[in-house]
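No lab work stands behind these numbers, since they all come straight from the coordinates. Here the structure is a predicted model, which means the values were calculated and not measured. Reconstructed Cβ throughout: ideal geometry from the backbone, glycine too, with neighbour counts over all protein chains shown.
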Amino acid sequence: MIYHSSTIISEYGTFDGYIKVENGKITDVIRKEMQELEADYDFGDNIIIPGIFDTHNHGYMGWDPSDPDDINQALGYSKAVASSAVTSIFPTVVNREGAFKTLVKAIKQNDDGARIIGIHSEGPYLNRVGEKGVDNGHPDIDLEYIKKMIDDAEGYLKLVAIAPELEGSKEAIRLLNQNGIRVAFAHSNQTYEEAMESFKYGISVITHTANVMSGLHHRNMGGLGAAILNDDVFNELICDGLHVRNEMIDIILRVKHDAFNKVMMMSDNTHLGGFPKGRYKNTTFGGECFITEEGFCLTETGRLAGSTKPVLYGMKNLVQNLKLPLETVSKMASLNPAKVYGFGDKKGSITIGKDADFAVIDKDFNCLYTYREGKKVYDKDIDTDLINHDCYNNCKLD
């Protein structure tokens, strides 16, 4: 198949040209100025971007991949996230009641939607009190439980987020690293000095940088200061302009050494992501929550409870409001996470030899079509209703 667009975002620049795909792989990328071809699909002035790789996503459109009893939750989820230009995904779940085993079964049946290529466990060992002063306590670290996590995931566990001040964290980090699993600094009360020291244990990722960690002050740099000033760690970042103000995003991107290779955009969507504003039961965090007009998802106490906006929305924010080049933004959404988690040779950019993972978006960042390994897994004209209506009807309160 040959695909044409006047704007292809490739690893080597933006151009008017063609993508050739055979057997799910990109076999050639040709600039129109060098050769004109007859395309099987001509997307005109719509933009072809590399498929987004969202490494931190708890659910979407009512689908919850952590459900241990229903494999269709994970399969519906993978289809739903494809509607936002995602081609690769780490469902972010905790291994409760056999959730990992069910998810592994879904991975092996994952023929449609975004490719589930790993599992991200955000917790259960977290500790941050948070910006609203709500302390929910924390479980004690259990190495036997971590071993079970590793076993149940059958090699798919790629990232575990942990608060490194918890007793036993050094041993937990070491165990995970020994099994080829990255560890993230997350939901932590550590100071700047404590965080910098903990990074030496084997932490290599920062969970949603700036959120749920001690913040910046000119006499106390906090965990956030350590996350920005440490040159070795990679930074997840929610770029919707809500979780982190655009001014702080700008600071992070200016201050972080080699930021455009170190920052990985992610969504932190929950199963309520993609739902309209209103009041809902939050089955992920418990209690009720409110989705605001702007897109905040807030608990009754006003605490943030995940995100409702996809990575594609964050890309639009960075391009339109921070005036960053789409090539740079796309790299943070696709290639950077692919490289960090060991998939950079196959995924993350439109390059000869890689999987044909790409999406077609319009100039207002609406996803029109998504292709995973050469297969169209989302079509705006066909896939018009991907919401899990059972969840919506059960969760909607007004």
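If packing is taken as the mean number of other Cβ atoms within 10 Å per residue, what is the order of 266-277, 294-305, 1-12, highest first?
On the way: 266-277: 24.5, 294-305: 17.0, 1-12: 19.2.
Ranking the peptides 266-277, 294-305, 1-12 by packing returns 266-277, 1-12, 294-305.
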**Prompt:** Which part of the range 240-279 falls in the paramagnetic zone of residue 323, meaning amide N under 18 Å from the point 7 Å along Cα-to-beta-carbon?
**Reply:** 246-255
**Prompt:** Taking a 27 Å limit on the Cα-Cα distance, which of the listed pairs 108/158; 331/380; 20/105; 25/331 fall beyond it?
**Reply:** 20/105
**Prompt:** In what order do 157, 397 fall by count of nearby beta-carbon atoms within 10 Å, going from fewest to most?
**Reply:** 397, 157
**Asked** Order of 197-204, 53-60 by packing, highest average Cβ count within 10 Å first?
**Response** 53-60, 197-204
**Asked** Dipole size in debye (nearest 20) for the range 52-346 around its Cα centre, Lys and Arg Cβ +1, Asp and Glu Cβ -1?
**Response** 680
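I need the peptides 338-347, 319-328 ranked by packing, meaning the mean over residues of other C-beta atoms within 10 angstrom, with the highest value on top.
Values: 338-347: 19.4, 319-328: 14.2.
Peptide ranking by packing, descending: 338-347, 319-328.
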**Item:** Principal semi-axes in Å for the range 204-349 [√(5λ), Cα gyration tensor, largest first]
**Value:** 25, 19, 14
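Efficiency by 1/(1 + (r/R0)^6): what FRET value for residue 96 and residue 277, r their Cβ-Cβ distance, R0 = 41 Å, to the nearest 0.05? Can you show the working numbers first?
Values: r = 30 Å, r/R0 = 0.72.
It comes to 0.90.
Of 208, 138, how do they rank once you tally other Cβ atoms within 10 Å and put the fewest first? Could you put the intermediate results ahead of the total?
Working: 208 25, 138 16.
With the fewest neighbours first, 208, 138 line up as 138, 208.
Cut-off is 10 Å between beta-carbons; in what order do 121, 83 appear when sorted fewest neighbours first? List each step's numbers first, then the result.
Numbers: 121 27, 83 24.
Going from least to most buried by this count: 83, 121.
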**Asked** Taking one equal scatterer on every alpha-carbon of the range 28-151, how large is log10 of I(q)/I(0) by Debye at q = 0.19, 0.22 1/Å?
**Response** -1.04, -1.21
**Request:** Would you work out if the range 52-346 is rounded, prolate or oblate? Take a ≥ b ≥ c from the square roots of the eigenvalues of the alpha-carbon gyration tensor; rounded if a/c is under 1.5, else prolate when a/b is larger than b/c, oblate otherwise.
**Result:** rounded
**Asked** For residue 6 and residue 151 in the same chain, what is the full-extension length gain: residue separation times 0.36 nm, less their Cα-Cα distance, in nm?
**Response** 47.5 nm
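Suppose a student asked you for the relative contact order of the range 52-346, using Cα pairs under 8 Å spaced at least 6 residues apart; what percent would you report? Please list the in-between numbers first.
Numbers: 645 pairs, mean separation 49.3, N = 295.
Rounded, it is 17 percent for the range 52-346.
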**Complete:** One finds, for residue 393 and residue 254 with R0 = 51 angstrom and r their Cβ-Cβ distance, a FRET efficiency to the nearest 0.05 of 0.65
